[in-house]
């Protein structure tokens, strides 16, 4: 790095580490990876990417802990800024001496992002703070309610950050930079939206620049770099989701050839598996067919996972995905009740979801299932329907969330109109595991917390038992039974997982 070279520090704010310092985001955030790679390619700026939510000695996250002791720790760490993670953040800012700090913010970590911005200004009040990511895309000008944020970026950030850095370096105004909100003297200015990238194949591969830009690169597990995007955008219209305000509903595709090139790079690093981080894998069956055939030909031996929509699941598609190396599928079921699914505009029935799960399991693919509880229309009966499906489903992992209406979404406005959200709504209190969450018209908060506390413990037990089963093969269990210690072994397992 040249002595007088401009520097930008890209930051993923802490979230999980605020619950427990050994909880961790064990991955290179793709938002930082794409921005860092683009900055290195298109500018002369020096760049560091810093995932503050990473802990090398991480442990498995438990839902029941997040909603109890962990949540108390989280709230305390938002008030007491003397904790380990905050000391690390401030020290890194001080040592790197950036001209610009770019923070990637979701609604659930926006308060944390504001604390990071505060640290930046305390170290040097001339440092420019830019915040991008889902939250500013959803709330737009409101992101500047935080006095330490100078610029908010809406939508895709790769071209926007390059134009901003060029303007800062040339000491030019921001008037013509699309896709931003910013302060101009005492006024807040909202520039025209930026058009979406037309050619996703022009984007860099995040893993390529990681060794040079990612702080503590050598402490990350190799699997931290296995995540990739094949598409941007989601054609669905779920009531609770904000994806369409970030990407819109028009899906853009990378060519299978471009995806293959990125995966080959990951394989050269030593990775044997990859995860498609798309909102929904493939989007249409033709693209799934083209991509899977490319993987079969060019990436033999690759194992990969993805999320897929129920409507895309059929015997032929799942069989092809399996042949191409798919070993695990995430599927959004969300509710076990058809009326709730209809209110959510999920465009599926529980019967279709269960049938899709059966097909996935039939082909020997691990199944991870998403569920959300506490929708505004939820009743105890609909909640019981969801719990029944959770217990019945032969899933290898249950991924559980409490309904959270994030600012800028249709769900947020729906709850606000019905008095479920006050004008004093504090975004830091509400996330998918928060015990403060209750946006139900028909269930009182105290009762809802008792009900979901039982669900959280059930899910932790079920997931823990599934992990143990995955460690032991079927033959191992059979031999245990033959030795006559099956009942004792199973009792020990139940004690171990707290059942």
| Filter the range 390-409 for residues that are surrounded by 17 or more Cβ atoms within 10 Å (Cβ to Cβ) and out of contact with any strand residue (DSSP E or B) (no Cβ under 7 Å at 6 or more places or on another chain); which is nearest to residue 236 (Cα to Cα)? | 409
| task | Quick one: count up the residues across the range 119-155 that are more than 24 Å from the chain's Cα centre (by Cα) and within 26 Å of residue 169 (Cβ to Cβ). | result | 13
| Spans of helices (runs of 4 or more DSSP H) in the range 411-499 with at least 1 residues at pLDDT below 85 and within 18 Å of residue 390 (Cβ to Cβ) | 445-471
| For the range 95-113, does any single residue satisfy the condition of being surrounded by 24 or more Cβ atoms within 10 Å (Cβ to Cβ), at pLDDT 95 or above, under 22 Å from residue 36 (Cα atoms) and over 25 Å from the mean Cα position of the chain (by Cα)? | yes
| Positions within the range 308-320 being closer than 19 Å to residue 234 by Cβ, in contact (Cβ under 8 Å) with a residue 40 or more places away in the chain and out of contact with any helix residue (DSSP H, G or I) (no Cβ under 6 Å at 6 or more places or on another chain), in sequence order | 309, 311
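Restricting attention to the range 255-270, which residues are in contact (Cβ under 8 Å) with a residue 12 or more places away in the chain and either closer than 28 Å to residue 46 by Cα or exposed (fewer than 15 other Cβ atoms within 10 Å of the Cβ) (or both)?
Kept after step one, since they are in contact (Cβ under 8 Å) with a residue 12 or more places away in the chain, are these residues of the range 255-270: 255-267, 269-270.
Correct list: 257, 258, 259, 261, 262, 263, 264, 265, 266, 267, 269, 270.
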| query | Is at least one residue of the range 437-445 farther than 17 Å from residue 241 by Cβ and without any contact (Cβ under 8 Å) to a residue 60 or more places away in the chain? | reply | yes
| request: Restrict the check to the range 211-229 and report whether at least one residue is out of contact with any strand residue (DSSP E or B) (no Cβ under 8 Å at 6 or more places or on another chain) and at pLDDT below 85. | output: no
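Would you mind stating whether residue 462 is farther than 23 Å from residue 112 by Cβ and touching a strand residue (DSSP E or B) at 6+ places or on another chain (Cβ under 9 Å)?
Values: farther than 23 Å from residue 112 by Cβ: yes; touching a strand residue (DSSP E or B) at 6+ places or on another chain (Cβ under 9 Å): yes.
Yes.
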| said: Going by what's in this entry, would residue 227 be described as within 15 Å of the chain's Cα centre (by Cα) and either closer than 23 Å to residue 401 by Cα or free of Cβ contacts under 8 Å to residues at least 24 places away in the same chain (or both)? | reply: yes
| Qualifying positions in the range 237-256 - touching a strand residue (DSSP E or B) at 6+ places or on another chain (Cβ under 7 Å) and outside any loop (DSSP other than H, G, I, E, B) | 252, 253
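The values are calculated or read from the model by the stated rules, or taken from the named source; none is laboratory data. Since this is a predicted model, take the numbers as computed values, not measurements. Ideal geometry is used to build each Cβ from the backbone, glycine not excepted, and the neighbour counts take in all protein chains shown.
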